[in-house]
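The values are calculated or read from the model by the stated rules, or taken from the named source; none is laboratory data. Small disclaimer: the values here were computed from a predicted structure and weren't measured. Counting neighbours? That spans all protein chains shown, and the Cβs are built from the backbone with ideal geometry, glycine included. With ligands, DNA and RNA removed, areas are computed over all heavy atoms of the protein, side chains included. Shrake-Rupley method; radii C 1.70, N 1.55, O 1.52, S 1.80 Å.
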Amino acid sequence: MAYDDQNIFARILRNELPAIKVYEDDQVLAFMDIMPQAEGHTLVIPKTPAVTLLDLPPEAAAYTIQIVQKIAKAIETALNAKGIVLMQLSGAAAGQTVPHVHFHLIPSSVHELGRHAVQMGDQEKIKALAEKIKALL
Ligand code: 5GP
């Protein structure tokens, strides 16, 4: 599928739209999900323009998963998470709503997950959670 460089995450990467960021390097950005399925729901995205995991070059995928693990560790400690759901939706049929590949880190049990991308979170509360995670990165 062709990459649309006007998608929301591409615009966040170019700083055209705001995001509550917890980590950034030259290849990856991590920021808080605006409609969290649980407190601390964080997104990790490679900077490489790719729609789904299947479009992402293996080297970029390998690096991104290392950062996913690093952020997961910070979430676990910062939020005292008992478990973390790692979710990756590839394709609209799978439920993907933003066409730039991303990994969800959701401190929760799979049995207690809120609904996907429906309810705006309290942005002040999300900022406070982000500060706790950021402090460990
Ligand atoms: P997908 O459905 O593509 O797997 O996940 C997209 C995620 O991006 C959803 O969990 C949704 O809540 C989140 N999201 C959508 N728009 C924005 C936005 O403008 N900013 C942030 N931070 N998250 C967003």
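Considered as a group, the residues in the range 36-55 that are over 18 Å from GLN69 (Cα atoms) and open to solvent by less than 50 Å² (accessible area, probe 1.4 Å) include one that is farthest from the ligand (Cβ to nearest atom), and that residue is THR48.
Checking the range 61-77 against the condition returns a match, with at least one residue being of a type in the set (Val, Ile, Thr), under 21 Å from SER108 (Cβ atoms) and over 15 Å from the mean Cα position of the chain (by Cα). In the set ARG14, ARG115, only one residue is at pLDDT below 95 and open to solvent by 90 Å² or more (accessible area, probe 1.4 Å); that residue is ARG115. Against the list (1) in contact (Cβ under 8 Å) with a residue 40 or more places away in the chain; (2) within 16 Å of the chain's Cα centre (by Cα); (3) assigned to a helix (DSSP H, G or I), the condition LYS125 fails is (2). Number of residues in the range 65-118 that are assigned to a loop (DSSP other than H, G, I, E, B) and of a type in the set (Lys, Arg) equals 2. Within the range 107-132, being more than 15 Å from the ligand (Cβ to nearest atom) and among the aliphatic types (A, V, I, L, M) holds for VAL110, ALA128. Determine whether the range 13-31 contains at least one residue that is small (Gly, Ala, Ser), touching a strand residue (DSSP E or B) at 6+ places or on another chain (Cβ under 6 Å) and not in a helix (DSSP H, G or I). Yes, that holds for at least one residue. Which residue is farthest from the ligand (Cβ to nearest atom), if the candidates are limited to the range 94-106 and must be of a type in the set (A, V, I, L, M, F, W, C) and within 12 Å of ILE71 (Cα to Cα)? Applying the filter and picking the extreme gives LEU105.
Conditions tested, residue by residue: (1) touching a helix residue (DSSP H, G or I) at 6+ places or on another chain (Cβ under 9 Å); (2) within 11 Å of the ligand (Cβ to nearest atom); (3) open to solvent by less than 50 Å² (accessible area, probe 1.4 Å).
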position: ASP33; (1), (2), (3): yes, yes, yes
position: ALA60; (1), (2), (3): no, no, yes
position: ILE67; (1), (2), (3): no, no, yes
position: GLU76; (1), (2), (3): no, no, no
position: LYS82; (1), (2), (3): yes, no, no
position: LEU86; (1), (2), (3): yes, no, no
position: ALA92; (1), (2), (3): no, yes, no
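Scanning the range 44-62 for residues that are part of a helix (DSSP H, G or I) and without any contact (Cβ under 8 Å) to a residue 12 or more places away in the chain returns PRO58, GLU59, ALA62.
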